[in-house]
């Protein structure tokens, strides 16, 4: 089945080309936790949740992205299960035929929701477990009793043999439990997945979460940035600047993928939220085929050292992350520079 799926996915990608066949929707910034490293700033402005998309607005968007050929769809947040109408939204999306991935912390998974997933299975459920002990987990979540609820949610999913991935984000206050979380994932039959190796500023530009970053050398020693290194191990760092050196955005965002925030704005990605396109005022197709090419065509304006850096293939910096960190989308971020150099050294590349 895995091979069949890979073959299907490959052929589908070829067939669709640059059409929007995968995307994610932040259906709410609401969440049952208050994690210290979270990039969302909605906790400082809970009134903003009142302006989120209605059920009718969401289903209208689902119809539009379905008509454009989207197949893979991720519901994220916040925590999507924080919406009281989540199952209604999920049911509507399932009937349209999407392969749905759900990002959740697991604390809001009930018997009712788990039973419904058994009846109408998602493509994947990804639960973030940033600690395997109540003390560590709740130091991060800042909600007493949340560890027990998360473990209960995981149990409900495992008992029904639903497709589950456990994610972990290493930081100064939990890194010592990384291996234990990996062992736990293996024991229960879940796939372990790094939940992103980096900690970023919040969307309101607060750098408070960055204090939780581990030193680059420690990440390398932990073999943690595997998600960055595994695809580059057998490649060479280019001897000359990328042929896209005039292009500021060198990632794959906006080519055949899209992102939508809780207020109905089509955004480039998690980190690049302006400019955006309101799906309350215009059609998805109009936004996708006008906004994204506009952003992707942005050229460098400065002589930033990032522009022609040979470590680009190993670097985690990008215009969106640089802007959050420095206020300048073209500025280097010292932490990312150090990490790229550490990875290059580990992989045996000469600097």
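Can you tell me which residues in the range 284-315 are surrounded by 19 or more Cβ atoms within 10 Å (Cβ to Cβ) and without any contact (Cβ under 8 Å) to a residue 40 or more places away in the chain? Passing the criteria: 287, 291, 292, 306, 315.
Taken together, the residues in the range 251-270 that are surrounded by fewer than 21 Cβ atoms within 10 Å (Cβ to Cβ) and in contact with a helix residue (DSSP H, G or I) (Cβ under 7 Å, 6 or more places away or on another chain) amount to 3.
Filtering the range 211-221 to residues that are within 20 Å of the chain's Cα centre (by Cα), buried (at least 18 other Cβ atoms within 10 Å of the Cβ) and touching a residue at least 60 places away in the same chain (Cβ under 8 Å) leaves 213, 219.
Among the residues of the range 54-85, those identified as touching a residue at least 40 places away in the same chain (Cβ under 8 Å), outside any helix (DSSP H, G or I) and over 21 Å from the mean Cα position of the chain (by Cα) are 68, 69.
Within the range 55-64, is there a residue that is surrounded by 14 or more Cβ atoms within 10 Å (Cβ to Cβ), touching a helix residue (DSSP H, G or I) at 6+ places or on another chain (Cβ under 9 Å), at pLDDT 85 or above and closer than 30 Å to residue 211 by Cα? Within the range 55-64, none of the residues are surrounded by 14 or more Cβ atoms within 10 Å (Cβ to Cβ), touching a helix residue (DSSP H, G or I) at 6+ places or on another chain (Cβ under 9 Å), at pLDDT 85 or above and closer than 30 Å to residue 211 by Cα.
The residue that is farthest from the chain's Cα centre (by Cα), among those in the range 124-133 that are surrounded by 15 or more Cβ atoms within 10 Å (Cβ to Cβ) and not in a strand (DSSP E or B), is 132.
Note on the range 157-242: enclosed helices (runs of 4 or more DSSP H) holding 3 or more residues that are modelled with pLDDT of 95 or more, out of contact with any helix residue (DSSP H, G or I) (no Cβ under 8 Å at 6 or more places or on another chain) and under 22 Å from residue 36 (Cβ atoms) are 178-188. Of all residues in the range 311-338, those satisfying the criterion of being assigned to a loop (DSSP other than H, G, I, E, B) and within 23 Å of residue 218 (Cα to Cα) are 311, 315, 316, 317, 318, 332, 333. Residues considered: 274, 281, 330. Of these, the only one that is within 18 Å of the chain's Cα centre (by Cα), surrounded by fewer than 20 Cβ atoms within 10 Å (Cβ to Cβ) and farther than 16 Å from residue 20 by Cα is 274.
Among the residues of the range 155-173, those that are under 20 Å from the mean Cα position of the chain (by Cα) and either without any contact (Cβ under 8 Å) to a residue 40 or more places away in the chain or buried (at least 16 other Cβ atoms within 10 Å of the Cβ) (or both) comprise 164, 165, 166, 167, 168, 169, 170, 171.
Counting the residues of the range 94-112 that are crowded, with 19+ Cβ neighbours inside 10 Å, outside any strand (DSSP E or B) and touching a residue at least 40 places away in the same chain (Cβ under 8 Å) gives 5.
Within the range 177-191, restricting attention to residues that are surrounded by fewer than 17 Cβ atoms within 10 Å (Cβ to Cβ) and in contact (Cβ under 8 Å) with a residue 12 or more places away in the chain, the residue that is nearest to residue 123 (Cα to Cα) is 191. Of all residues assigned to the range 267-277, at least one qualifies as being at pLDDT 70 or above and within 30 Å of residue 162 (Cα to Cα).
The values are calculated or read from the model by the stated rules, or taken from the named source; none is laboratory data. Because the structure is a prediction, the values reported are computed rather than measured. Neighbour counts run over all protein chains shown; Cβ positions are idealised from the backbone, glycine included.
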